[in-house]
Structure formats: structure tokens, C-alpha cells
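Input: a single structure, listed below in C-alpha cells.
The values are calculated or read from the model by the stated rules, or taken from the named source; none is laboratory data. Note that the structure is a prediction, hence the values are computed from the model and not measured. Using ideal geometry, Cβ is built from the backbone for each residue, glycine included, and neighbour counts are taken over all protein chains shown. Side chains are part of the model used for accessible areas, which takes the heavy atoms of the whole protein and leaves out ligands, DNA and RNA. Shrake-Rupley method; radii C 1.70, N 1.55, O 1.52, S 1.80 Å.
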Amino acid sequence: MSKILIDIRNRVISCVNCSLSKSRTNAVPGIGNEKSDVIFVGEAPGRNEDLQGKPFVGTAGQILSEALEFAGFTRDQVYITNVVKCRPPNNRQPNTEERDACRSFLSEELKIIKPKIICILGNTAYSSLLDGNSITKNRGKLVKNNDQLYFVTVHPAAIIYNPALRQVLKDDFVLLAQTLDKLRKGLDVEISK
Ligand code: SF4
């Protein structure tokens, strides 16, 4: 991991910029390959992530790993992070104040990694990154905003409550892998309007 990412990591771990610092067990910095062409962004850490200080390590993390492997990715090939780096109590959604307080960390991660595609996992990340209300219209699609490509899909935790989404996530990741492959080869990709 580069010095800059280690610096971000250390600042996340000791951050007290919002009230979530009072209720967390551990802050959860992003993790993975800083040379990745894709960065996966979820909402916020859950209980297991809070206990271990790592993103996507609970049941949702297993579902994410399974879907990544299905599409030919490994976790250490990619970079995984959240919009908000500390767990909101009782797994509630992070509020606007918390998202705003944490926003600069994700911006810094994106500036260093410069991914070809930001893969948005679920509604909260979609709302934070693209100001959208619901992923329904753009799920499984590529969206361009301010010269950055985004791929939109469901949050792995949604599959715990709706098992039918398991294959949806896997198929979306296959499409994401194919899209990345095209971009690497300089081929055209379909962008949703
Ligand atoms: S959620 Fe973000 S801004 Fe709030 S304390 Fe944690 S790292 Fe700091």
C-alpha cells in the first residue's frame, strides 16, 4: 500500500470528525489494490466490519466475495471501501451530516486509485455519489458523471433479505468485468442516459 493510502488509513482510524466516532468499535478504512481499475463502494460498515476494522467481512462480505469470484475477480485484485467509514448504531443509514463529514476520505481514495469504473453498491452509495434516490433505473448499467464512469448494482446485504438478488449481483459483476475488459482494449461501451 502506498504511503498516501497508509496516511488516509491512519487518519480514518483516528478520525473524530462526526458523532459516529463515539459509538464505533473500530473505524473501517478501505482495503485492496490501489492499482485496481475498479473500486467497489458500499454504504457503511456493519457489525462485523466494526468489530474487525475491515470492510465487507460479515455475511454481506461473503456474498460480495462469492459474486466477485463468479465474475473472475479476486478481492485482493480490487479496492473495496464505503462512503462512511464508521458503523452507524443499529445499522441505520448514515445521515447527511455523517456522509458529508466523511466525504473527503472517499474523494482522496478515488484521486489516488483513479479507477476506470466506480462500482456503486446499493442505494446509499448511489445517493451519495450520484445524488439518485433509487438504483432501480440504473442497476446493471454504466453511468457517466463528470467524466467518471460508474457501474450501479445492489448492495450485497440486500441479498440476505432477498435471496433472488444473489444471481442479479453475480450477473452484474460479470457485466462489469466484461465492460472493464472492453475499456482496457479501448473498445466502445454502452453508457446509460
Ligand atoms: S464516519 Fe468518517 S467522518 Fe465520521 S468519525 Fe468515522 S471516519 Fe470520521
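Quick check: anything in the stretch 89-112 touching an Asp or Glu at 6+ places or on another chain (Cβ under 8 Å), under 18 Å from Arg24 (Cα atoms) and not basic (Lys, Arg)?
We begin by selecting, within the stretch 89-112, every residue touching an Asp or Glu at 6+ places or on another chain (Cβ under 8 Å); these are 93-94, 112.
Add one more test, that the residue is under 18 Å from Arg24 (Cα atoms), and what stays is 93-94.
Right, trim to not basic (Lys, Arg) and you get 93-94.
The answer is yes, given that some residue of the stretch 89-112 is touching an Asp or Glu at 6+ places or on another chain (Cβ under 8 Å), under 18 Å from Arg24 (Cα atoms) and not basic (Lys, Arg).
Within the stretch 53-88, the only residue that satisfies the criterion of being open to solvent by 20 Å² or more (accessible area, probe 1.4 Å), within 16 Å of the ligand (Cβ to nearest atom) and either closer than 13 Å to Ile31 by Cα or not charged (D, E, K, R) (or both) is Lys54.
I'm checking my understanding of the structure. Among residues of the stretch 171-193 that are of a type outside the set (Asp, Glu) and crowded, with 19+ Cβ neighbours inside 10 Å, which one is nearest to Ala71 (Cα to Cα)? Don't jump to the end; show me each part of the working.
Let us first name the residues in the stretch 171-193 that are of a type outside the set (Asp, Glu), namely 173-180, 182-187, 189, 191-193.
Among the residues that remain, those that are also crowded, with 19+ Cβ neighbours inside 10 Å are: 173, 176, 179-180.
On the way: Phe173: 6, Leu176: 8, Thr179: 12, Leu180: 12 Å.
Once the filter is applied, the top-ranked residue is Phe173.
Out of the stretch 122-153, which residues are in contact (Cβ under 8 Å) with a residue 24 or more places away in the chain and at positive phi? Gly122, Gly140, listed by residue number. Do we have any residue at all in the stretch 89-112 that's basic (Lys, Arg), open to solvent by less than 20 Å² (accessible area, probe 1.4 Å) and over 13 Å from Val38 (Cα atoms)? No; the residues of the stretch 89-112 include none that is basic (Lys, Arg), open to solvent by less than 20 Å² (accessible area, probe 1.4 Å) and over 13 Å from Val38 (Cα atoms). Scan the stretch 1-52 for residues that are more than 12 Å from the ligand (Cβ to nearest atom), open to solvent by 80 Å² or more (accessible area, probe 1.4 Å) and part of a helix (DSSP H, G or I) and jot them down. Listed by number, the residues that qualify are Lys3, Ile4, Arg47, Leu51, Gln52.
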